[in-house]
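Participant: Dropping the structure in here first, questions after.
The values are calculated or read from the model by the stated rules, or taken from the named source; none is laboratory data. Quick caveat: nothing in here was measured; it's all calculated off a predicted structure. A quick note on method: Cβ atoms are made from the backbone with ideal geometry, for glycine too, and the neighbour counts reach across all protein chains shown. What goes into the accessible areas is simple: the full protein's heavy atoms, side chains included, and nothing from ligands, DNA or RNA. Shrake-Rupley method; radii C 1.70, N 1.55, O 1.52, S 1.80 Å.
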Amino acid sequence: MSAVLKPGTASTNENQAGGEASVNAEETIDGFHLVIEALKLNGIDTIFGLPGIPITDLTRKMQAEGLRVISFRHEQHAGNAAAAAGFLTGKPGICLTVSAPGFLNGLTALANATTNCFPMILISGSSEREIVDLQQGDYEEMDQLAIAKPLCKAAYRVLHAEDIGIGIARAIRSAVSGRPGGVYLDFPAKLFSQAVDAAAGRRSLVEVVDPAPRQIPAPDAVQRALDVLKGARRPLIILGKGAAYARADAEIRAFIEKSGIPYLPMSMAKGLLPDTHEQSAAATRSYVLAEADVVVLIGARLNWLLSHGKGKTWGGANAFGRKFVQIDISPIEADSNVPIAAPLVGDIGSCVGALVNGLGAGWARPPAEWTAAIVERKDKNLAKMAETLAKNPSPMNFQSALNVIRDVVKANPEAIVVNEGANTLDFARSIVDMYEPRKRLDVGTWGIMGIGMGFAVAAAVTTGKPVIAIEGDSAFGFSGMEVETICRYGLPVCVIVFNNNGVYKGTDVNPRGGDVAPTVFVKGARYDKMMEAFGGVGVNATTPDELRKGLTEAVASGKPTLINAVIDETAGTESGRITSLNPTAAKKK
Ligand code: FYN
Ligand code: ADP
């Protein structure tokens with residue numbers, strides 16, 4: 001077993017300068033191998049990270065011991081990959097970084113994972129405690145644990161090799177149980193070279209039993225929810241990304257179809273049922289939000305994305321008397337923005353399953369006047385959309401380019417769509433239908449830019465399916481260097497950059513002359529050349545036909561591809577569909 005160091009084979013890694021590595025080796029195991037064995041024992045098979053002091057040798061040893069190590073060019077993208085892997089697999093995604101600056105680079109992803117309820121663990125090497133705590137100026141000195149704490153769900157530091165097993169177990173359980181989130185695990189450099197008795201070391205490892213236990217809702221809470229639902233005249237179900245994460249696909253479908261209640265998917269819940277499902281009200285969102293009298297929230301929070309459950313979006317004054325049922329694993333989510341008439345606390349599978357059972361034979365489907373009114377509006381909007389998509393302007397606009405992607409996703413429903421940008425995000429969300437659960441990854445709760453390539457790498461690595469990353473040109477810039485990572489690992493990722501020469505659009509002008517406007521990029525840039533630089537396929541698409549050919553070939557071949565989709569630089573609005581959140585733009589209106 002390679003975990004047992006042979007005399008004279010101790011690594012030459014920088015961490016071992018401390019001289020704590022075993023010399024009398026047959027019966028000892030070091031911190032490096034305890035970490036690796038603890039992760040493997042818990043079914044972790046992939047690490048996203050970036051090597052450097054003090055974790056370089058850990059990445060090598062991980063690879064040597066059969067873990068897949070995906071090395072990035074910047075820690076933020078490794079962290080985003082870990083977060084997406086957590087969402088896609090239900091196991092915590094692991095990101096491994098160096099100390100201070102590398103740790104800080106990973107922290108944005110850790111905080112974003114926590115905000116989005118994605119399970120991930122950021123493991124960072126750190127400098128020596130004795131020096132850090134006395135602020136004596138160590139290499140990359142920083143009290144990382146203290147900094148991470150307020151930005152994640154839990155944070156732990158392990159000082160002794162015999163605690164590695166418990167430390168990793170606590171991190172795993174913290175990441176996936178209850179409301180999932182990001183966990184920070186601090187490993188000071190010295191830990192890796194500590195050697196302990198091999199048998200005792202292995203006994204200290206913990207295989208976490210039932211890391212995300214089911215949480216069964218109380219029967220009276222289920223009855224209360226059913227009572228509220230039975231009184232509804234215009235009920236609506238909203239599915240959030242928690243519903244997608246919960247992997248309760250069959251229960252959710254049964255609830256929707258058995259109840260006959262129309263539903264609205266939040267962006268990452270698209271595909272939980274096919275977007276073409278007859279009960280989807282996505283194409284008449286404003287109408288159903290304003291009119292519904294009972295709303296069942298399943299794994300969706302009443303945050304800004306749902307206008308906090310009140311105001312104009314929800315019918316303004318007409319909203320008086322609307323009741324919410326909220327299914328969530330977090331007991332403190334209810335009443336966060338508006339009163340919740342029937343909170344149902346538990347895991348979504350158990351809660352929705354209980355509701356399905358409770359509907360019973362006597363359940364009356366919603367009144368036809370509600371469902372017919374939705375169908376009428378929906379059909380009108382779908383027809384309007386079809387008309388827009390049939391147009392073929394030159395240069396391409398967002399809609400004509402997305403129409404191509406819509407067709408390709410329809411033909412390849414197993415493909416995973418990654419989507420970021422402003423207009424590119426907003427148009428894609430409504431134009432590109434999804435057909436299967438957990439196939440859409442996007443900017444999530446924060447509307448964060450920069451998740452693109454990290455999410456795309458994770459999607460390809462964890463699923464092996466084709467990945468289509470639909471990227472605004474500004475959004476792509478945050479993680480663009482990771483196209484090298486995509487090429488290095490030969491991943492089946494096709495990146496489509498919607499190139500309209502700038503943030504939102506490319507037509508802003510500096511009124512004083514001189515520098516270009518802050519929102520404008522190099523005009524006519526050829527992002528496709530970036531992919532070619534690393535041996536991937538580059539395509540410059542100026543028409544829908546060129547885009548269709550490039551994307552179809554990319555999906556069929558699985559070759560790393562970047563399509564520079566040339567979009568009319570006058571297309572796009574400031575901040576896309578959330579212009580109202582932008583004070584300047586709102587004033588201009
Ligand atoms: C939706 N719609 C459709 C369809 N799907 N019409 C026809 N066909 C189809 N298939 C309609 C829908 O009814 C809405 O019209 C409109 O299209 C938009 O729907 P969408 O996208 O569901 O919802 P909306 O109003 O844009 O906003 C909801 C949101 C969402 C806030 C949850 O926008 C969102 O997730 N935004 C994230 C934005 C973000 O993070 N940006 C990054 C920062 S950008 P109406 O019913 O007429 O309203 C920095 O600048
Ligand atoms: P969206 O942005 O799609 O509306 P949110 O991220 O706001 O979704 O909400 C997701 C919600 O789902 C969170 O409140 C979280 O606590 C909840 N959640 C996550 N996993 C589960 C689960 N397995 N069971 C119940 N609720 C869950």
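Participant: For region 268-280, how many residues are in a loop (DSSP other than H, G, I, E, B) and more than 8 Å from ligand 1 (Cβ to nearest atom)?
Facilitator: Counting residues in region 268-280 that are in a loop (DSSP other than H, G, I, E, B) and more than 8 Å from ligand 1 (Cβ to nearest atom) gives 9.
Participant: Filter region 290-305 down to residues that are in a helix (DSSP H, G or I) and within 13 Å of ligand 2 (Cβ to nearest atom) and give me whichever is surrounded by the fewest Cβ atoms within 10 Å (Cβ to Cβ). Don't jump to the end; show me each part of the working.
Facilitator: Taking region 290-305 as the starting set, the residues that turn out to be in a helix (DSSP H, G or I) are 290-291, 304-305.
Going one step further and asking which of them are within 13 Å of ligand 2 (Cβ to nearest atom), we end up with 304-305.
Numbers: 304: 13, 305: 15.
Looking at residues that are in a helix (DSSP H, G or I) and within 13 Å of ligand 2 (Cβ to nearest atom), I get 304.
Participant: Considering (1) within 16 Å of ligand 2 (Cβ to nearest atom); (2) in a helix (DSSP H, G or I), say which one residue 169 fails and leave the rest.
Facilitator: It is condition (1) that residue 169 fails.
Participant: A follow-up question, please. In region 248-267, what residues are within 21 Å of residue 118 (Cβ to Cβ), in a helix (DSSP H, G or I) and more than 16 Å from ligand 1 (Cβ to nearest atom)?
Facilitator: 249, 252
Participant: For region 306-339, which residues satisfy the criterion of being open to solvent by 20 Å² or more (accessible area, probe 1.4 Å), of a type in the set (A, V, I, L, M, F, W, C) and either within 12 Å of ligand 2 (Cβ to nearest atom) or closer than 19 Å to residue 263 by Cβ (or both)?
Facilitator: 329, 332, 334
Participant: Test residue 162 against the criterion of being in a loop (DSSP other than H, G, I, E, B) and either open to solvent by less than 20 Å² (accessible area, probe 1.4 Å) or of a type in the set (Asp, Glu) (or both), and give yes or no.
Facilitator: no
Participant: Check residue 479 against each of (1) crowded, with 23+ Cβ neighbours inside 10 Å; (2) without any contact (Cβ under 8 Å) to a residue 60 or more places away in the chain and name the one condition it does not meet.
Facilitator: (2)
Participant: Does region 186-215 hold any residues that are open to solvent by 50 Å² or more (accessible area, probe 1.4 Å) and in contact with a Gly (Cβ under 8 Å, 6 or more places away or on another chain), and which are they?
Facilitator: Passing the criteria: 190, 212, 214, 215.
Participant: Being under 24 Å from the mean Cα position of the chain (by Cα), away from ligand 1 (no atom under 13 Å from the Cβ) and at pLDDT 95 or above is true for just one of 371, 463. Which residue is that?
Facilitator: Numbers: 371 fails: under 24 Å from the mean Cα position of the chain (by Cα).
Just one listed residue meets the conditions, 463.
Participant: In the list 241, 258, which residue meets the criterion of being touching a helix residue (DSSP H, G or I) at 6+ places or on another chain (Cβ under 6 Å), open to solvent by 20 Å² or more (accessible area, probe 1.4 Å) and within 13 Å of ligand 2 (Cβ to nearest atom)?
Facilitator: Just one listed residue meets the conditions, 241.
Participant: Name the pairs: first residue in region 559-578 and within 16 Å of ligand 2 (Cβ to nearest atom), second residue in a loop (DSSP other than H, G, I, E, B), Cβ to Cβ under 9 Å, at least 6 apart or on different chains?
Facilitator: Close Cβ pairs satisfying both conditions: 577/422; 578/422; 578/447.
Participant: Tell me which residues, restricted to region 408-440, are within 15 Å of ligand 2 (Cβ to nearest atom) and open to solvent by 30 Å² or more (accessible area, probe 1.4 Å).
Facilitator: Across region 408-440, the qualifying residues are 429, 437, 438.
Participant: Could you go through region 315-324 and let me know if any residue there is touching a Leu at 6+ places or on another chain (Cβ under 8 Å), at pLDDT below 95 and of a type outside the set (A, V, I, L, M).
Facilitator: Kept after step one, since they are touching a Leu at 6+ places or on another chain (Cβ under 8 Å), are these residues of region 315-324: 315, 324.
Right, trim to at pLDDT below 95 and you get 315.
Among the residues that remain, those that are also of a type outside the set (A, V, I, L, M) are: 315.
Yes.
Participant: Answer yes if at least one residue in region 341-359 is open to solvent by 20 Å² or more (accessible area, probe 1.4 Å) and within 23 Å of the chain's Cα centre (by Cα), and no otherwise.
Facilitator: Yes, there is a match, as at least one residue in region 341-359 is open to solvent by 20 Å² or more (accessible area, probe 1.4 Å) and within 23 Å of the chain's Cα centre (by Cα).
Participant: Kindly provide the set of residues from region 340-371 that are small (Gly, Ala, Ser), away from ligand 2 (no atom under 12 Å from the Cβ) and outside any helix (DSSP H, G or I), ordered by number.
Facilitator: Correct list: 341, 342, 360, 361, 362, 364.
Participant: Among what's in region 112-128 and is among the hydrophobic types (A, V, I, L, M, F, W, C) and under 10 Å from residue 445 (Cα atoms), pick the residue that is surrounded by the fewest Cβ atoms within 10 Å (Cβ to Cβ).
Facilitator: 117
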